1. Within region 163-196, track down each residue that is of a type in the set (Lys, Arg) and surrounded by 16 or more Cβ atoms within 10 Å (Cβ to Cβ).
2. For the list (1) more than 23 Å from residue 18 (Cα to Cα); (2) among the aromatic types (Phe, Trp, Tyr); (3) buried (at least 16 other Cβ atoms within 10 Å of the Cβ), I need the number of the one condition that residue 126 fails.
3. Would you mind finding the one in 108, 104 that is open to solvent by 40 Å² or more (accessible area, probe 1.4 Å) and in contact with a strand residue (DSSP E or B) (Cβ under 7 Å, 6 or more places away or on another chain)?
4. Pairs, please: C-beta under 8 Å, at least 6 apart or cross-chain, first residue without any contact (Cβ under 8 Å) to a residue 12 or more places away in the chain and more than 20 Å from residue 131 (Cα to Cα) and in region 147-175, second in a loop (DSSP other than H, G, I, E, B) and not aliphatic (A, V, I, L, M)?
5. Anything in region 83-137 that is assigned to a helix (DSSP H, G or I) and among the acidic types (Asp, Glu)? List them, or say none.
6. Among the candidates 240, 225, which residue alone is in contact with a Cys (Cβ under 8 Å, 6 or more places away or on another chain) and either modelled with pLDDT under 90 or over 18 Å from residue 112 (Cα atoms) (or both)?
7. Hey, residue 146 hits all of (1) assigned to a helix (DSSP H, G or I); (2) within 30 Å of residue 66 (Cα to Cα); (3) open to solvent by less than 30 Å² (accessible area, probe 1.4 Å); (4) of a type in the set (A, V, I, L, M, F, W, C) but one; which does it fall short on?
8. When the residues of region 15-46 are narrowed to those that are at pLDDT below 85 and out of contact with any strand residue (DSSP E or B) (no Cβ under 8 Å at 6 or more places or on another chain), which ends up surrounded by the most Cβ atoms within 10 Å (Cβ to Cβ)?
Amino acid sequence: PRLLEIHQLLGWLLHSRAELPNSHRAGGDISTVELKDVIRGFLIHEERDPELADEIFEGAARVFVLVSRIEGRFEFEVQPLREFFAAWYLYKTAAHSTGSNPAPGSMPDRLENLIRNPYWLNVARFFCGRYDKGQLADLVRRLKDLRDDPYFNLLAHPRILIAYMLRDRVTAESQRDTRELVEAMCDPLGLRILTSSYGAIPGSESPNDKSLLPSDCGRKFYTDVLWNNLIATNNDEIAVNL
């Protein structure tokens, strides 16, 4: 468990650094010395003996989900793995916040920041993939608010993000939340993006790919929206998708 927690911390740390292109630490890797310092800091935070850092590093070197392409430096083998651990870290360490005792860094706070930054799109997907049914209503509301935000409502990003959430089956446990997301995705701009030859729902091979959305997470709702819009507008682009 401790080793997993170290990987989660490293995922968040290295992904955050990689976002800063002008930083000398922007490569998404970490030196051996600094890696040991991170392990030592983790042990101190967990109130364990920091002198174990070297021992943990040596013992864990063979099972780290890290690679050393350059001698003396470590990184995650692929970016999605780094994003997965970053999301896990953000989810597990989110502060518990209540109306009577608000705390910064809560789940909603972190979600708001993740969905507004395209660089963190995949982290947001992994983060929301850990949501349970009781958290979905808040997720849907925040995604709809993002789509309607004056800074985002003319961008493809909110609609593409919602499409990813649906393809990832994030809301599969709740048909009501799934329907709301499909409707939010399929506003006039969303339909133009998603039914154009270059704007197919992410993960599909083409706009008329029948697996645009999973059968248990939005496909029927999506088809219904397309039919209704086709009847109302006689739009050839929508017809292709049906």
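The values are calculated or read from the model by the stated rules, or taken from the named source; none is laboratory data. Nothing here was measured: the structure is a model prediction, and the numbers come from that model. Neighbour counts are summed over all protein chains in view; Cβ atoms, including those assigned to glycine, are modelled from backbone coordinates with ideal geometry. For the accessible areas, the whole protein counts, side chains as well, though only heavy atoms, and no ligand, DNA or RNA atoms are used. Shrake-Rupley method; radii C 1.70, N 1.55, O 1.52, S 1.80 Å.
1. 167, 179
2. (1)
3. 104
4. So the pair list comes out empty.
5. Listed by number, the residues that qualify are 83, 109, 112.
6. Unique residue meeting the criteria: 225.
7. (2)
8. It comes out as 25.
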